[in-house]
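Q: Input: one structure, supplied below.
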Amino acid sequence: MTPEERFEAILAADEKVEPRDWMPDAYRKTLIRQIAQHAHSEVIGQQPEGNWITRAPSLRRKAILVAKVQDEAGHGLYLYSAAETLGISRDELQDLLHAGKQKYSSIFNYPTLSWADMGAIGWLVDGAAITNQVMLTRTSYGPYARAMIRICKEESFHQRQGYEIMLTLANGSAEQKAMAQDALDRWWWPSLMMFGPPDAESTHTEQSVKWKIKRETNDQLRQRFVDATVPQAHFLGLTVPDPDLHWDEDSGHWRFGPIDWDEFWEVVKGNGPCNKERLAHKVQAWEDGAWVRDAARAHAAKHADDPMEVSA
Ligand code: 3HC
């Protein structure tokens, strides 16, 4: 069996491609691209929520938000570890992100203007992320699929705590309910954009589905998210900001209005409300943390021969 035949046989049997296995260069390249984007998103995604840790309305809410933001850092580390198995270093990935040569999710380039945004992000953004990530637990690359299993367990807590914030506000004073509605108005459409461009305009979907990196398409996952989330909005007594939204009995789906893809591509190109701020903050944090990495490497080098020392 040639390496190519073995690769195809693994996919056909719905088994996992492992780091030791031969894989097409293009498969490796697109996995590095996607896993890096995923990891960068987890790390940069801490910024919008981090802004509200010191302004949480109670100690309980602060503790929950701190735990969530810490989780996201850990998700980034799992995913950088998965990307490293493909032969690229964490430092290279940081350099590519900082140089604008790798992306992170468009959603994190929007500002968080009120405490209700913490609810909308948990409910909608983490809800969209879960929809995508549950599918990725079945992705063909082993380390990526296994990272998703751990991440999805923690993401479910993220989504629930966000929905609880929205429920509290929606059942609160008129001002609190208005805050929740305002957050839904601002985060609804950018959350739908998280799933990527329409399948017909997607650069990678067709090949990624053939390689079983993606098990469902952008549009399929977007529709699943809308179908799950609209009833939740109705339970909150909030209005989804889409005048075209309606239930289609024949298809059994919530049909939604047109997405502003011009806005999406502007944000992806770096012209969103917070792109420059997010990347500048990320670069500054990386530079500020250089001394920690240097100290850890020096310690590891000094104790390299010491069997009791675990390398950094
Ligand atoms: N933000 C930024 N860029 C996006 C994007 C988005 N939401 N959606 C698509 N793009 C980019 C793609 O990267 C690609 O550009 P590239 O060739 O330069 O990489 C281009 O638009 C065409 O899009 P495709 O649909 O062809 O690209 P993909 O096949 O990669 O699909 C994706 C896009 C569905 C986002 C896929 O990359 C994916 O599943 N990524 C992993 C999951 C992920 O990143 N989730 C979001 C962030 S994680 C998160 O939300 C954390 C949570 O804890 C809050």
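Q: Mind checking the per residue accessible area of the chain for me, 1.4 Å probe, whole number of Å²?
A: Accessible area per residue: 49 Å².
Q: Here's something else I'd like to know. For segment 1-141, just say rounded, prolate or oblate: build the C-alpha gyration tensor, square-root its eigenvalues into a ≥ b ≥ c, call rounded for a/c under 1.5, and beyond that prolate if a/b exceeds b/c, oblate if not.
A: Since a/c reaches 1.5 and a/b is larger than b/c, the shape of segment 1-141 is classed as prolate.
Q: What is the magnitude of the charge dipole of segment 14-143 about its Cα centre, with +1 placed on the Cβ of each Lys and Arg, -1 on the Cβ of each Asp and Glu, and no other charges, expressed in debye to the nearest 20?
A: Rounded to the nearest 20 debye, it is 360 debye.
Q: Shifting gears a bit: Can you give the longest run of the chain that contains no GluC sites (Glu not before Pro) sitting in a DSSP loop with at most 14 other Cβ atoms inside 10 Å?
A: Looking at the chain, 16-248 is the longest stretch - no exposed GluC sites (Glu not before Pro) with at most 14 other Cβ atoms within 10 Å.
Q: Then there's this: Solvent-accessible area of Arg224, probe 1.4 Å, all protein chains present, reported in Å² to the nearest ten, please.
A: 110 Å²
Q: Moving on. Would you check the accessible area of Arg255, probe 1.4 Å, heavy atoms only, in square angstrom rounded to 10?
A: Rounded to the nearest 10, the figure is 80 Å².
Q: Could I ask something else about it? Please build a GNM for the chain, connecting alpha carbons under 10 Å apart, and tell me which residue among Leu59, Leu96, Leu236 fluctuates the most.
A: Leu59
Q: Here is a further query. Just how large is the dipole of the chain about the Cα centre, in debye to the nearest 20, putting +1 at every Lys and Arg Cβ and -1 at every Asp and Glu Cβ?
A: Taking the Cα centre of the chain as origin, the dipole is about 700 debye.
Q: Now for a different question. If you take the charge dipole of the chain about its Cα centre, with +1 on Lys and Arg Cβ and -1 on Asp and Glu Cβ, which of Ala304, Ala178, Leu136 is farthest toward its positive end?
A: Value computed over the given set: Ala304.
Q: Report, in debye and to the nearest 20, how large the dipole of segment 196-269 comes out about its Cα centre when Lys and Arg carry +1 and Asp and Glu carry -1 on their Cβ.
A: The dipole of segment 196-269 has a size of about 520 debye.
Q: Could you work out how far helix 174-193 tilts from the main Cα principal axis of the chain, as a 0 to 90 degree angle to the nearest 10?
A: Helix 174-193 sits roughly 40 degrees off the main axis of the chain.
Q: Please check: in the Gaussian network model of the chain (C-alpha springs, under 10 Å), which one of Asp199, Asp262, Asp294 has the largest mean-square fluctuation.
A: Among Asp199, Asp262, Asp294, the largest GNM mean-square fluctuation belongs to Asp294.
Q: Normalised by the number of residues in the chain, what is the relative contact order in percent for Cα pairs under 8 Å and 6+ residues apart?
A: Values: 358 pairs, mean separation 55.2, N = 312.
Relative contact order comes out at 18 percent.
The values are calculated or read from the model by the stated rules, or taken from the named source; none is laboratory data. For clarity, every value in this text was computed on a predicted model and none was experimentally measured. Positions of Cβ are backbone-derived with ideal geometry, glycine not excepted, and every protein chain shown enters the neighbour counts. Note: areas computed on protein heavy atoms with side chains; ligands, DNA, RNA excluded. Shrake-Rupley method; radii C 1.70, N 1.55, O 1.52, S 1.80 Å.
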